[in-house]
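The values are calculated or read from the model by the stated rules, or taken from the named source; none is laboratory data. As the structure is a prediction and not an experimental result, all values here were calculated from the model. When we count neighbours, we look across all protein chains shown, and the Cβ atoms used for this are built from the backbone with ideal geometry, even at glycine.
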Amino acid sequence: MIELWPPTGHDGLRCRGRLIVHRPAKLIAIAAAALTFAVGPAAAQFFRPMERIPEPTMRDADPGQTRGTAESVPYEFRKQPVFFRSQEPPGTIVVDTSERFLYLIQSPTRAIRYGVGVGRDGFTWTGILKVTRKAEWPDWTPPEEMIQRQPYLPRWMAGGPGNPMGARAMYLGGTVYRIHGTNAPDTIGQAVSSGCFRLVNDDIADLYERVQLGAKVIVRH
């Protein structure tokens with residue numbers, strides 16, 4: 001089952017499961033969408049004017065560079081055990097995009113909380129997906145739609161300290177979205193991405209070891 005609402009969302013999105021892409025009202029009025037449904041996984045291609053892409057809450061670091069340190073991240077966005085009531089089984093990930101937190105469920109009342117950077121206005125989404133792939137120091141190939149918006153980006157970049165994907169990545173369903181590290185720790189707690197969720201490298205390495213393939217990922221706003 002796939003659920004997309006409003007019918008305009010992340011460029012080049014490939015979806016499996018339940019996914020809702022949220023857009024500001026001013027963008028809905030000017031966006032055009034094309035949806036193609038087939039047996040098996042659904043595919044959706046979306047289009048929108050490049051000049052209306054909302055600005056992030058802060059400028060991101062350029063690929064190949066590092067900016068900020070994990071020690072400079074505010075205390076509330078550092079990894080810590082917290083009280084968190086949930087009926088989801090241990091190992092489930094819950095991302096709260098409005099609070100900028102990722103929770104890894106440990107028990108019905110406990111979780112490990114990590115600070116995250118989230119999608120900027122126009123690139124937020126909610127839904128339920130699964131971790132379908134994991135990679136250490138992953139390479140980065142920006143989607144074509146991102147290249148259209150930011151033509152200065154490299155077409156491919158090898159994994160390493162300056163790579164925007166950071167030290168680890170977990171791929172979500174059949175989408176372009178990932179939970180990954182970052183080359184810019186100072187963006188944790190900000191809305192800067194095109195829909196992915198970023199953690200400082202030490203935190204994503206810790207989360208990576210705790211999360212199994214097939215783990216449920218719940219994204220809420």
Residue among Arg113, Arg120, Arg155, Arg149 that is over 14 Å from the mean Cα position of the chain (by Cα) and in contact (Cβ under 8 Å) with a residue 40 or more places away in the chain
Arg149
Over the stretch 197-210, the set of residues touching a Gly at 6+ places or on another chain (Cβ under 7 Å) and surrounded by fewer than 24 Cβ atoms within 10 Å (Cβ to Cβ) is Asn201
Some residue of the stretch 147-163 being out of contact with any Cys (no Cβ under 6 Å at 6 or more places or on another chain), β-branched (Val, Ile, Thr) and part of a loop (DSSP other than H, G, I, E, B)
no
Among what's in the stretch 197-221 and is assigned to a loop (DSSP other than H, G, I, E, B) and at pLDDT 95 or above, pick the residue that is nearest to Ser86 (Cα to Cα).
Ala215
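Determine if the stretch 145-162 includes at least one residue that is surrounded by 24 or more Cβ atoms within 10 Å (Cβ to Cβ), touching a Leu at 6+ places or on another chain (Cβ under 9 Å) and closer than 20 Å to Phe123 by Cα. Spell out the reasoning first.
Here is the first cut: in the stretch 145-162, the ones surrounded by 24 or more Cβ atoms within 10 Å (Cβ to Cβ) are none.
Scanning the stretch 145-162, I find no residue that is surrounded by 24 or more Cβ atoms within 10 Å (Cβ to Cβ), touching a Leu at 6+ places or on another chain (Cβ under 9 Å) and closer than 20 Å to Phe123 by Cα, so the answer is no.
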Any hit, the stretch 103-118, residues being farther than 28 Å from Phe83 by Cβ and surrounded by fewer than 21 Cβ atoms within 10 Å (Cβ to Cβ):
no
Just to be sure I understand, how many residues within the stretch 129-169 are among the aromatic types (Phe, Trp, Tyr), under 20 Å from Val200 (Cβ atoms) and at pLDDT below 95?
1
Does Ile128 satisfy being free of Cβ contacts under 8 Å to residues at least 60 places away in the same chain and either β-branched (Val, Ile, Thr) or surrounded by fewer than 23 Cβ atoms within 10 Å (Cβ to Cβ) (or both)?
no
